[in-house]
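Participant: Got a structure here, written out as structure tokens. Questions coming.
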Amino acid sequence: MYKVAVMGDRDSVLGFRALGLDVFPCEEASEARKLLHQLAREDYAVVYITEQLSTLISQEIERYKDRMTPAVILIPGRSGSLGLGAGALQSAVERAVGADIL
């Protein structure tokens, strides 16, 4: 059975535990890189990553962009949105549909 994970700073991700998601607080790039690759090997279908953390590991996130699992989804952190998640969604829709429908 596939699982769902949330990565990011502690204050941003702890609330997701109440929803039954697996929470992985981390703020350092080296730790986040290792964790993302580990989650990909451990049957996580979806990995939510805060936008702030994603700026530190953007190359690793790109590696999973065209793979079926895990789906890496950027979410705003406690300090607000950087607009990266919306931009990534728009790009994915354009690739899938062939046009900007958003």
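The values are calculated or read from the model by the stated rules, or taken from the named source; none is laboratory data. Being a predicted model, the structure only gives us computed values, none of them experimental. Heads up, the Cβs are rebuilt from the backbone with ideal geometry, glycines too, and the neighbour counts pull from every protein chain shown. Quick note on the areas: whole protein, heavy atoms, side chains included, nothing else; ligands and nucleic acids left out. Shrake-Rupley method; radii C 1.70, N 1.55, O 1.52, S 1.80 Å.
Participant: Just checking, does region 82-91 include any residue being in contact with a helix residue (DSSP H, G or I) (Cβ under 7 Å, 6 or more places away or on another chain) and either open to solvent by 30 Å² or more (accessible area, probe 1.4 Å) or modelled with pLDDT of 90 or more (or both)?
Facilitator: yes
Participant: Does region 23-45 include one or more residues that are modelled with pLDDT of 90 or more and touching a Gly at 6+ places or on another chain (Cβ under 6 Å)?
Facilitator: There is no residue in region 23-45 that is modelled with pLDDT of 90 or more and touching a Gly at 6+ places or on another chain (Cβ under 6 Å).
Participant: A further question follows. Within region 10-61, can you find the residues that are open to solvent by 30 Å² or more (accessible area, probe 1.4 Å), assigned to a helix (DSSP H, G or I), under 15 Å from Gly77 (Cα atoms) and polar (S, T, N, Q)?
Facilitator: Gln52
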